[in-house]
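Here is the structure we will look at, set down as structure tokens.
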Amino acid sequence: MKYWMLISAALKRKQTRTVLTICSITVAFVLFGTLRSIAVAFTEDVDFSGDDRLVVMSKLSFIEPLPMAYHQRIQSVEGVDLVAHREWFGGTYIDVNNFFPKWPVNAEVWFDVYPEFIISEQEKRDFVNTRTGMVAGKAIAEKYNWKVGDKIPIMGDIWVKEDGSILWEFDLVGIFSQEEGSGVYGGDQQAFINHSYFEESRMWGKGTVGNYVVKVKNKEDNERIAKEIDKMFANSSDETKTSTEAAFSKMFAEQVGDIGLIMNSILAAVFFTMLLVTGNTMSQAVRERTPELAVFKTIGYSDSKILCLVLVEAMFMCFLGMAIGIAISFIVFLFLEDDLAAFIEGISFQPSVILWAFATALVMALIAGLPPALGAMRLKVVDALRKD
């Protein structure tokens, strides 16, 4: 490009300012690449064909229980392989800061529904046969130095025992790990409790479960099975809403708020600030070069060429910062992907993020660069040289 020498000279005029502006844009796009990927995962439509497990919950809310009698009726739906149920236990282990999910589950089939959890056959049998049995994820066991045979005390904050006590004691009969890259919600950072003991010991809620997890024989039938289950319980006192496990995980995580909206709001604030920074940089750069621009016009540069030179300068900074930022965010995402997958299934660095980044950089360059570029285009040679 024959005009590159002029653009390069303009960028090098105040090198520190140019580098700091590009670094600021880079940081903005690092945040963009990471947060936008999370936002996309929380706002994309449900894909029924991408999961071999469905979650059946109350149509009113995920905290509303469902009758345990639904188990056999769901199992009878054509295409259903296995049905498990679970309940959110809550509770505190020693200190309120020691949070991890605890789920009473039907021990007989739980690890068949979730083959991604790796546990020995002996520990499976012990979980089924031990009335007060608990199995914990490897990460939790290592964090609290648990070993098989330990008694784990949990102070109930939702569930009270029939005798009025809030102290629940469980026998740790197994420790499971998770297949690498399986991305099951919670992963090995959760614990499962034998539902039989929970059911017979709790003061209230007997005969109900939190939700059902349905393993299907063919995931191509997901949408049909989901509709059949919901139709089966339509107009009953406990209507259901069936979705993929991935969609349920998103809903569960979004109890803290609209994650997609939060992420996009943060990005909007970041880029509004970056517009001000980049716009100020470009305006100052043009003001400093007013005499030079007048000389360019004197020797025959047209107004449109002056406009393009200034715009290209702004685009170079924005696109360079964008490219570096997206590259860094991709590397960061590779390190965070497994941890994020424990909370939200199907999360990945989407190609659409790159397209959005490109469009955002273009808009930023135009908004920040167009006003000073138009000012330079309209510059009168006599006025500019008089200012000098």
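Only the coordinates and a few stated rules stand behind these numbers; no lab work does. All values derive from a computational prediction rather than experimental measurement. Reconstructed Cβ throughout: ideal geometry from the backbone, glycine too, with neighbour counts over all protein chains shown.
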Taking 0.36 nm per residue of sequence separation and subtracting the Cα-Cα distance, how much length would be gained by fully extending the chain between residue 100 and residue 350, in nm to one decimal? 87.1 nm
Modelled FRET efficiency - R0 56 Å, residue 179 with residue 234, Cβ distances, 0.05 increments: 0.95
Please state the charge dipole magnitude for the stretch 48-256, taken about the Cα centre, from unit charges on C-beta atoms (+1 on K and R, -1 on D and E), reported in debye and rounded to the nearest 20. 240 debye
Pop out the Kirkwood hydrodynamic radius of the stretch 48-256 from its pairwise C-alpha distances, inverse of mean 1/r, in Å to one decimal. 17.6 Å
Compute the signed sum of charges (Lys and Arg +1, Asp and Glu -1) over the other residues within less than 14 Å, Cβ to Cβ, of residue 140. +1
Read phi for every residue in the stretch 135-152 and hand back ³J(HN,Hα) as whole Hz from Karplus 6.51 cos²θ - 1.76 cosθ + 1.60, θ = phi - 60°, with x for Gly and Pro. 10, 10, x, 4, 4, 5, 4, 5, 4, 9, 6, 7, 9, 4, x, 5, 9, 10
P(r) of the stretch 56-177 in 10 Å steps, Cα pairs, percent per bin? 11, 38, 36, 13, 1
Below 10 angstrom from the Cβ of residue 193, what's the summed charge of the other residues (Lys, Arg +1; Asp, Glu -1)? +1
What is the distance in Å between the Cα centres of the stretch 188-249 and the stretch 70-135? 12 Å
Could you derive backbone 3J(HN,Hα) for the stretch 92-107 from the dihedral phi with the Karplus parameters 6.51, -1.76 and 1.60 (θ = phi - 60°), listing whole Hz in sequence and x where the residue is Gly or Pro? 10, 9, 6, 9, 5, 6, 8, 8, 7, x, 10, 10, x, 9, 7, 4
How do the peptides 143-149, 276-282, 73-79 rank, highest first, by the average count of neighbouring beta carbon atoms within 10 Å per residue? 276-282, 73-79, 143-149
What distance in nm lies between label points placed 7 Å from Cα along the C-beta direction at residue 120 and residue 19? 5.9 nm
Cα convex hull of the stretch 161-226 - mean projected area over all directions, nm²: 7.0 nm²
Each residue of the stretch 12-18 in order: what ³J(HN,Hα) in whole Hz does its phi give by Karplus 6.51 cos²θ - 1.76 cosθ + 1.60, θ = phi - 60°, with x for Gly and Pro? 7, 4, 10, 4, 4, 4, 5
Could you order peptides 216-223, 133-140 by the average number of other Cβ atoms within 10 Å of their residues, highest first? 133-140, 216-223
